[in-house]
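Colleague: Dropping the structure in here first, questions after.
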Amino acid sequence: MAINKVKGTYDVLPNESYLWQALEQKIRDILGLYNMKEMRTPIMEYSDVFHRHTELSDMVIKETYNFDDRSERKLTLRPEGTAGIIRSYVENKLYVSQELEKVYYIGPNFRYERPQKGRYRQFYQFGVEAIGTINPALDAEMIILAYDFIKRIGLKGVRVRINSLGDEASRVSYQEALRNYFLPHIDELCDDCKLRLNKNPLRILDCKVDQKHQAIKNAPTPQDFLNIESRIYFKQVLEHLNAAKISYEIAPKLVRGLDYYSHTVFEIEADIEGFGAQNVLGGGGRYQNLVSELGGPDLGGIGFAFGMERLLLALEAENVDFAQEKTLDAFVIVINDELKTTATSILYELRLAGLIADMNFTQKGFKGQLKQALRSNSKYLVILGEDEYQKGLVAIKDTKTEIQEEVLIPKIKKYLLEKLEK
Ligand code: AMP
């Protein structure tokens, strides 16, 4: 049996991890500006957290990794972040101390999808949830945050698309209208769509198989069924966006792939070469029933999530220089093995002073060490030679200017700190 990675997964190798770290740091910095705190929930939950109601989305029915543990409890690897966050919000009664909880998460999700570029079976999302209240300014804040984030990491050619599904009453009348509309066409649609007709006809609009079918293209849109309260709510959201000078477009057909949305839904799309159908970087929306469905009080929330692989692919495709790999400050080279213990003590001292430093550990000769040091792009070489050592000196070479100076061993740290302006 070949020991390979699981289909649809990937490894982050040592020369790539700085990109992930830089993206995660940006996420933390930007979300901090919006007074968001991080929440970390388990990657596995009891299946009921995701498989709650009868109007299950395709993702929950077909795409989750479900298994029994040794005590035959039904568990699921999380396919998305929101349900686990809400489960924890309810379980920890976070609503008691905070009227509005603004949190973010970063972590892996699992979906049994057909792998392709930008689509994996284990993928990372970062997401944001603002739970506890319903307020148009808050919906706008989430969209502003998503937009601001994309701008700050340096992506261009990005579109914010927004729609409203309206409140429960509006949604019910829209569902009814869609059912009546699709009924005469249902034989032409796929088997999944036939099931969706009764369960949740909104999902037909998201169907990957029938996307190009005329009936889907001409279907009524949620906007036509918004009641007056929902219309006012949506108008207020847009007023806040206008006030912040955020550019957006209204997307009448946008309904999003999860089941729990109401009122505002939105997506961030990017025109990136080679992305094809995977051009949605992230999206989200308001949910009014999720907290109560998971056993909590009747409180609403709003959130969004971005796929991190897609963000990194987009940054690469647009040549955005958003992360620098840290290079070594100093590489210590010894002329012979007897000087290795001195090298160890110098290294330790440099690291205590906060310098990134290394030496060779594979018994290389002087030339080999030099090669390794240059390949590592170290800013300085600290060379321990026999004669210099007898005089208590080392040679320190600036690899950029090639200028080399002799420095007393106890002064190495001070010398390098000054040169590096640390
Ligand atoms: P969703 O949770 O389906 O609304 O997805 C939100 C974002 O997560 C998408 O816009 C993608 O960027 C990302 N995403 C969703 N599914 C996958 C996947 N299988 N592989 C990689 N990224 C994904």
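Colleague: Taking residue 100, is it among the aliphatic types (A, V, I, L, M), buried (at least 20 other Cβ atoms within 10 Å of the Cβ) and either away from the ligand (no atom under 13 Å from the Cβ) or not assigned by TED's automatic domain parsing to the domain that holds residue 262 (or both)?
Modeller: Answer is no for this residue.
Colleague: Quick one: would you say residue 251 is in contact (Cβ under 8 Å) with a residue 60 or more places away in the chain, closer than 30 Å to residue 380 by Cα and either of a type in the set (A, V, I, L, M) or away from the ligand (no atom under 14 Å from the Cβ) (or both)?
Modeller: Considered against the rule, which asks whether it is in contact (Cβ under 8 Å) with a residue 60 or more places away in the chain, closer than 30 Å to residue 380 by Cα and either of a type in the set (A, V, I, L, M) or away from the ligand (no atom under 14 Å from the Cβ) (or both), residue 251 comes out as no.
Colleague: Could you please find all residues in segment 302-316 being open to solvent by less than 30 Å² (accessible area, probe 1.4 Å) and within 15 Å of residue 279 (Cβ to Cβ)?
Modeller: 306, 307, 309, 311, 312, 314, 315
Colleague: While we're looking at this one, here's another question. How do the helices (runs of 4 or more DSSP H) wholly within segment 188-262 filter down when requiring 1 or more residues that are crowded, with 16+ Cβ neighbours inside 10 Å and either modelled with pLDDT of 90 or more or not aliphatic (A, V, I, L, M) (or both): which remain?
Modeller: Answer list for segment 188-262: 191-199, 202-205, 228-243.
Colleague: From (1) in the same structural domain as residue 83 (by TED's automatic domain parsing); (2) part of a loop (DSSP other than H, G, I, E, B), pick out the condition that doesn't hold for residue 151.
Modeller: The one condition residue 151 does not meet is (2).
Colleague: Okay, moving on. In this structure, does residue 274 turn out to be in the same structural domain as residue 250 (by TED's automatic domain parsing), small (Gly, Ala, Ser) and either more than 16 Å from the ligand (Cβ to nearest atom) or open to solvent by 40 Å² or more (accessible area, probe 1.4 Å) (or both)?
Modeller: It is true that residue 274 is in the same structural domain as residue 250 (by TED's automatic domain parsing), small (Gly, Ala, Ser) and either more than 16 Å from the ligand (Cβ to nearest atom) or open to solvent by 40 Å² or more (accessible area, probe 1.4 Å) (or both).
Colleague: Quick one: which of 109, 163 is buried (at least 20 other Cβ atoms within 10 Å of the Cβ), more than 17 Å from residue 263 (Cβ to Cβ) and in the same structural domain as residue 283 (by TED's automatic domain parsing)?
Modeller: Within the list 109, 163, the selection yields 109.
Colleague: Sort through 331, 366, 361, 322 and tell me the only one that's without any contact (Cβ under 8 Å) to a residue 60 or more places away in the chain, open to solvent by 20 Å² or more (accessible area, probe 1.4 Å), under 25 Å from residue 17 (Cα atoms) and aromatic (Phe, Trp, Tyr).
Modeller: 361
Colleague: Taking residue 316, is it farther than 15 Å from residue 140 by Cα and either modelled with pLDDT of 95 or more or assigned to a strand (DSSP E or B) (or both)?
Modeller: For residue 316, the condition - farther than 15 Å from residue 140 by Cα and either modelled with pLDDT of 95 or more or assigned to a strand (DSSP E or B) (or both) - is not met.
Colleague: Here's something else I'd like to know. Test each condition in (1) within 16 Å of the ligand (Cβ to nearest atom); (2) within 23 Å of residue 237 (Cβ to Cβ) for residue 151 and report the one that comes out false.
Modeller: Every condition holds for residue 151 apart from (1).
Colleague: Follow-up. Are any residues in segment 114-124 surrounded by 17 or more Cβ atoms within 10 Å (Cβ to Cβ), touching an Asp or Glu at 6+ places or on another chain (Cβ under 8 Å) and either part of a helix (DSSP H, G or I) or not hydroxyl-bearing (Ser, Thr, Tyr) (or both), and if so, which ones?
Modeller: 118, 121, 123
Colleague: Can residue 207 be described as touching a Cys at 6+ places or on another chain (Cβ under 6 Å), within 28 Å of residue 248 (Cα to Cα) and free of Cβ contacts under 8 Å to residues at least 60 places away in the same chain?
Modeller: So residue 207 passes the test.
Colleague: Just the residues that are surrounded by 14 or more Cβ atoms within 10 Å (Cβ to Cβ) and charged (D, E, K, R), please, taken from segment 334-358.
Modeller: 340, 349, 351, 358 - these are the residues of segment 334-358 that are surrounded by 14 or more Cβ atoms within 10 Å (Cβ to Cβ) and charged (D, E, K, R).
Colleague: Do you know which residues across segment 369-379 are within 36 Å of the chain's Cα centre (by Cα), part of a helix (DSSP H, G or I) and crowded, with 19+ Cβ neighbours inside 10 Å?
Modeller: 373
Colleague: Only one of (1) of a type in the set (Asp, Glu); (2) assigned by TED's automatic domain parsing to the domain that holds residue 91; (3) touching a residue at least 12 places away in the same chain (Cβ under 8 Å) is not met by residue 298, so which one is it?
Modeller: (3)
Colleague: Restricting the search to segment 80-113, which residues are under 12 Å from residue 42 (Cα atoms) and either of a type in the set (Gly, Ala, Ser) or in a loop (DSSP other than H, G, I, E, B) (or both)?
Modeller: 80, 81, 83, 84, 88, 107
Colleague: When you scan segment 380-389, do you find a residue that is touching a Phe, Trp or Tyr at 6+ places or on another chain (Cβ under 7 Å), among the acidic types (Asp, Glu) and surrounded by fewer than 15 Cβ atoms within 10 Å (Cβ to Cβ), even just one?
Modeller: No, segment 380-389 contains no residue that is touching a Phe, Trp or Tyr at 6+ places or on another chain (Cβ under 7 Å), among the acidic types (Asp, Glu) and surrounded by fewer than 15 Cβ atoms within 10 Å (Cβ to Cβ).
Colleague: Let me ask something additional. Scan segment 125-142 and give yes if some residue there is within 13 Å of the ligand (Cβ to nearest atom) and open to solvent by 10 Å² or more (accessible area, probe 1.4 Å), otherwise no.
Modeller: Looking through segment 125-142, at least one residue is within 13 Å of the ligand (Cβ to nearest atom) and open to solvent by 10 Å² or more (accessible area, probe 1.4 Å).
Colleague: Same structure, new question: Have a look at 95, 18, 46, 89 and point out the one that is more than 16 Å from the ligand (Cβ to nearest atom), among the hydroxyl-bearing types (Ser, Thr, Tyr) and buried (at least 19 other Cβ atoms within 10 Å of the Cβ).
Modeller: 89
Colleague: Related question: Within segment 50-63, is there a residue that is among the hydroxyl-bearing types (Ser, Thr, Tyr), outside any loop (DSSP other than H, G, I, E, B), touching a helix residue (DSSP H, G or I) at 6+ places or on another chain (Cβ under 8 Å) and on the phi < 0 side of the Ramachandran plot?
Modeller: Scanning segment 50-63 turns up no residue that is among the hydroxyl-bearing types (Ser, Thr, Tyr), outside any loop (DSSP other than H, G, I, E, B), touching a helix residue (DSSP H, G or I) at 6+ places or on another chain (Cβ under 8 Å) and on the phi < 0 side of the Ramachandran plot.
The values are calculated or read from the model by the stated rules, or taken from the named source; none is laboratory data. Because the structure is a prediction, the values reported are computed rather than measured. Every residue, glycine as well, gets a Cβ built from its backbone with ideal geometry; the counts of neighbours run over all protein chains shown. To get the accessible areas, we keep the full protein, side chains included, count just its heavy atoms, and leave off ligands, DNA and RNA. Shrake-Rupley method; radii C 1.70, N 1.55, O 1.52, S 1.80 Å.
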